[in-house]
Amino acid sequence: KEKVEITKEQRTLMKVIVDAYSTHQIPQDVAKKLLQEQYSADENFLLLTEMATSQVQVLVEFTKNIPGFLSLDREDQIALLKGSAVEAMFLRSAQVFSRKMPSGQTEVLEERIRKSGISEEFIIPMFNFYKSIVSLHMVQEEQALLTTITILTPDRPYVKDQQAVERIQETMLELLRKLCVLQRPQEPQYFARLLGRLTELRTLSHYHAEMLTSWRTNDHKFTPLLCEIWDVQ
Ligand SMILES: Cc1cccc(C)c1Nc1c(-c2c(F)cccc2F)nc2cccc(C)n12
């Protein structure tokens, strides 16, 4: 039986990441608007665009706090952010669903997503993914580390020094592996199941690209930040 223990530096690393992850949450005003504004496809889309924009801002702030990220080549930092944004945002919004939001915000958010002009063919895989994340009952450390591992994927387009990214990602993978063993001794495959979700995320990012195109065709407006992160317009 492998004796697994978290070293002192791993504990420090985890605290930095979890603090950054929990500090940078969706602003309350956006969450509050979800409950107040009226229901129309356009109003729902506007709210979700605002939510997506603040999710990108939160993602950038979180990423800057990942130990080692800012010491990467500047262009590689941008390539990692652009390449991982959708996946990190799917994880983040899935966690919004898994954490019972107060006063039925979850149901309201689900309703607004379903009624925002997204075609059924994207809604189904999106909500299946949310359900599969909720069913894992991840703790915050796992959520923060899984998002960090997603951001630090070396083979994103245009990343020049993949080795440097791999080195940091490996540190995070080892920490998450230990956490899973300690957290769920009775579920030896739990770590593998978590990483399996990252494969599902790649499929979702293809759906997301198609959603963007279909929104554009219906002449929906995005914010400058969303245009920049996903190279639209
Ligand atoms: C904020 C939100 C939450 C859940 C579902 C959806 C459809 C959204 N909204 C968007 C997403 C998006 C995301 F932010 C996280 C997960 C999956 C996503 F499709 N991406 C974009 C890009 C341009 C405009 C919007 C409205 N939008």
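Numbers below:
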read-out	value
Top positive-direction residue, dipole computed over the chain with Cβ charges, set Q105, H220, S40	Q105
Tilt relative to the chain, helix 74-98 - C-alpha long axis, 0 to 90 degrees, to 10	70
Computed Rg/Rh of the chain, alpha carbon atoms with Kirkwood Rh	0.96
Helix axis angle, 8-23 relative to the chain longest principal axis, alpha carbon, degrees	10
Relative pair counts by distance (%), Cα atoms of segment 159-206, 10 Å bins	23, 38, 33, 6, 0
Length-normalised contact order for segment 8-108 - Cα pairs under 8 Å, 6+ apart - percent	33
Cross-link reach list, lysines versus K3, counting only Cα pairs under 29 Å and skipping chain neighbours closer than eight places	K15, K178
Alpha carbon centroid spacing (whole Å) that separates segment 122-196 from segment 23-58	26
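We did not get these values from a lab; they are worked out from the coordinates using the rules stated. Computed from a predicted structure; not experimentally measured. Cβ: placed from backbone, ideal geometry, glycine included. Neighbour counts: every protein chain shown.
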